[in-house]
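Worksheet for the structure shown next.
The values are calculated or read from the model by the stated rules, or taken from the named source; none is laboratory data. A quick note: this is a predicted structure, and the numbers were derived from the prediction, not measured. Because the Cβ atoms are built from the backbone with ideal geometry, glycine has one as well, and the counts that use them run over all protein chains shown. For the accessible areas, the whole protein counts, side chains as well, though only heavy atoms, and no ligand, DNA or RNA atoms are used. Shrake-Rupley method; radii C 1.70, N 1.55, O 1.52, S 1.80 Å.
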Amino acid sequence: QAQVVESGGGSVQAGGSLRLSCTLSGRAFISYTMAWFRQAPGKDREFVLSIDGSSISNYADSVKGRFTISRDNAKSTVYLEMNSLKPEDTAVYYCAASYHPPQSSLSEYYEFWGQGTQVTVSS
């Protein structure tokens, strides 16, 4: 049974940094594209960034230059390093796993989802 588990959310002031982690168990991690989505109150869930098994990544324009995604295939873990955080980054961040190539920014291509972790950025 596949399971996605996020950790590392919290509260930070604008300009600060946070690091999220996500593990995928029950599946061959290297075969999965891993992604982060986020959902702010009253808004639709949106794509943030993704990384495939070869560590090729894709970023939403809103986070380019501030967020970095990486993965450790030996630990079945993907990381989201968030720097220069802004209040508009406040959201629940979801980790997701997709077995379908090529990597996509569309949520419907992701089969397994975590429960989400809250990130709050205060001004």
Fill in the blank from the handout: Expected field for TYR99, accessible surface area in Å² at 1.4 Å probe radius, rounded to 10, holds 130
Handout entry: Average accessible surface area per residue within the chain, 1.4 Å rolling probe, Å²
Key = 51
Completion exercise
Sorting VAL5, VAL92, VAL121 on solvent-accessible surface, 1.4 Å probe, most exposed first, gives VAL5, VAL92, VAL121
Practice task
Restrict the search to region 39-104; then list the trypsin sites (Lys or Arg not before Pro) that DSSP places in a loop and that have at most 10 other Cβ atoms within 10 Å of their Cβ.
Solution key: LYS43, LYS64
Completion exercise
When the chain is treated as a Gaussian network with springs between alpha carbons less than 10 Å apart, the largest mean-square fluctuation among SER105, SER62, SER17 is found at SER62
Exercise for the section: Let me know the shape class of the chain, please: from the alpha-carbon gyration tensor, a ≥ b ≥ c as square roots of the eigenvalues, rounded when a/c is under 1.5, otherwise prolate if a/b is greater than b/c, or oblate. Expected result: prolate
Fill in the blank from the handout: Carbon and sulfur atoms account, in whole percent of the 1.4 Å probe accessible area of region 2-61, for 43
Handout entry: Pairwise FRET efficiency - SER122 versus ASP72, Cβ, R0 = 25 Å, nearest 0.05
Key = 0.25
Practice task
Using only protein heavy atoms and a 1.4 Å probe, report how much of SER54 is accessible, in Å² to the nearest 10.
Solution key: 90
Practice task
Report, ordered by chain and residue number, the aspartates and glutamates lying within cross-link reach of LYS75, taken as a straight Cα distance under 17 Å and ignoring same-chain residues fewer than 8 apart.
Solution key: GLU6, ASP52
Practice task
Identify all lysines with a Cα-Cα distance to LYS43 below 30 Å; exclude those on the same chain that are fewer than 8 residues away in sequence.
Solution key: LYS64, LYS86
